[in-house]
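As structure tokens, the structure follows; a few thoughts come after it.
The values are calculated or read from the model by the stated rules, or taken from the named source; none is laboratory data. All values derive from a computational prediction rather than experimental measurement. Note that we place each Cβ from the backbone using ideal geometry, even for glycine, and neighbour counts take in every protein chain shown. In case anyone asks, the SASA skips ligands and DNA or RNA and just uses the protein heavy atoms, side chains included. Shrake-Rupley method; radii C 1.70, N 1.55, O 1.52, S 1.80 Å.
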Amino acid sequence: MSTRSADTMADQREVPLIQLIDIYKIYRMGDTEVRANDGINLSIREGEFVAIVGKSGSGKSTIMNIIGALDTPTTGQYILKGEDVSKMKGDALAAVRNRLIGFIFQQYNLLSKQNLIENVELPLLYAGMAKKQRRSLAMEALRKVGLEEKWKNYPNQLSGGQQQRGAVARALAGNPSLILADEPTGALDSKTSAELLDFLKRMNANGNTIVLITHDRNVAEQARRVVGLQDGKIIFDESVEEYRKQVVV
């Protein structure tokens with residue numbers, strides 16, 4: 001390999017997976033201007049496990065929607081794996097979500113009329129993947145979360161923890177660049193929450209990039225880096241070791 005090729009590969013590795021540059025999300029409520037995100041600058045590299053933490057009204061849900069390509073900023077630039085997502089709309093945003101992002105939601109969002117493997121296959125179906133290939137990938141994802149024997153079960157035949165692991169399998173099935181987890185333990189008991197967080201840490205150890213949105217300090221402390229929001233602004237960005245030393249949001 002030439003020196004130039006090696007340098008190019010090194011440069012590519014140095015480019016963050018996520019770049020948020022002067023992100024503002026502004027809403028009008030009558031005569032009042034609400035800055036849900038107020039000048040956010042944030043970079044996240046491949047392989048990181050980052051918790052974004054803040055109280056209700058801090059702006060974390062708004063930034064989650066922007067990172068997840070569910071919404072676009074009023075102003076500013078969002079670069080995801082080298083693509084400028086900031087100005088995309090409609091089908092273009094949907095394509096980015098389907099190709100690059102796996103979602104884990106608090107309420108699982110499994111479809112009640114489809115069995116577990118059909119739920120896990122959904123992102124692959126939307127991507128136009130052939131049935132045999134998507135079934136194989138979905139089963140492999142279920143195997144990773146220990147649910148391969150439950151593949152025929154419907155959501156109402158699964159415990160809350162099993163449903164959440166099913167949601168994790170769905171997020172993993174398409175091998176996305178980013179796993180975005182929005183309050184993933186919110187509907188779980190403490191034991192099942194701990195199991196899920198341990199699983200997220202194992203996923204990260206295997207190379208998955210994870211961004212976790214939470215209001216819960218104990219949940220945030222399971223990440224390796226913690227970003228705190230308040231009034232739409234980043235008020236700290238530090239290692240989890242430093243975060244544990246402080247009394248913060």
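Testing the spin-label approximation: label points 7 Å from Cα along Cα→Cβ at GLU46 and TYR126. State their distance in nm.
2.3 nm
Taking 25 Å as R0, compute the FRET efficiency from the Cβ-Cβ separation of LYS113 and SER159 and round it to 0.05. Each step should come with its number before you reach the end.
Details: r = 19 Å, r/R0 = 0.77.
That pair, LYS113 with SER159, gives E of 0.85.
Loop only by DSSP, 14 or fewer other Cβ within 10 Å of the Cβ. Give me the trypsin sites (Lys or Arg not before Pro) in segment 178-249 that pass, ordered by residue number.
When the trypsin sites (Lys or Arg not before Pro) of segment 178-249 are filtered for loop state and at most 14 Cβ neighbours within 10 Å, LYS245 remain.
Of VAL145, SER190, ALA69, whose Cα points farthest to the positive end of the dipole of the chain (charges on the beta-carbon: +1 Lys, Arg; -1 Asp, Glu; origin at the Cα centre)?
Toward the positive end, the furthest listed residue is VAL145.
Run the 1.4 Å probe and let me know the accessible area of ARG97, rounded to the nearest 10 Å².
Counting only protein heavy atoms, the figure is 60 Å².
Under 20 Å from the 7 Å Cα→Cβ point of SER239, by amide nitrogen: which residues of segment 179-204?
Only 201-202, 204 fall inside the zone, counting backbone N under 20 Å.
About the Cα centre of the chain, how large is the charge dipole given +1 on each Lys and Arg Cβ and -1 on each Asp and Glu Cβ? Please answer in debye to the nearest 20.
With Lys and Arg at +1 and Asp and Glu at -1, about 820 debye.
According to the square roots a ≥ b ≥ c of the eigenvalues of the Cα gyration tensor, what is the shape class of segment 3-134, taking rounded for a/c under 1.5, prolate for a/b larger than b/c otherwise, and oblate for the remainder?
oblate
Per the Debye formula with a single identical scatterer at each Cα and no solvent contribution, what log10 I(q)/I(0) holds for the chain at q = 0.09, 0.14 Å⁻¹?
For the chain at q = 0.09, 0.14 Å⁻¹, log10 I(q)/I(0) is -0.41, -0.98.
Grab the DSSP H runs of the chain that are 4 residues or longer, score each as -39,500 (n - 2.57), total them, divide by all residues and round the 222 nm result to the nearest 500 deg cm²/dmol.
Estimated from H runs of four or more residues: -11500 deg cm²/dmol.
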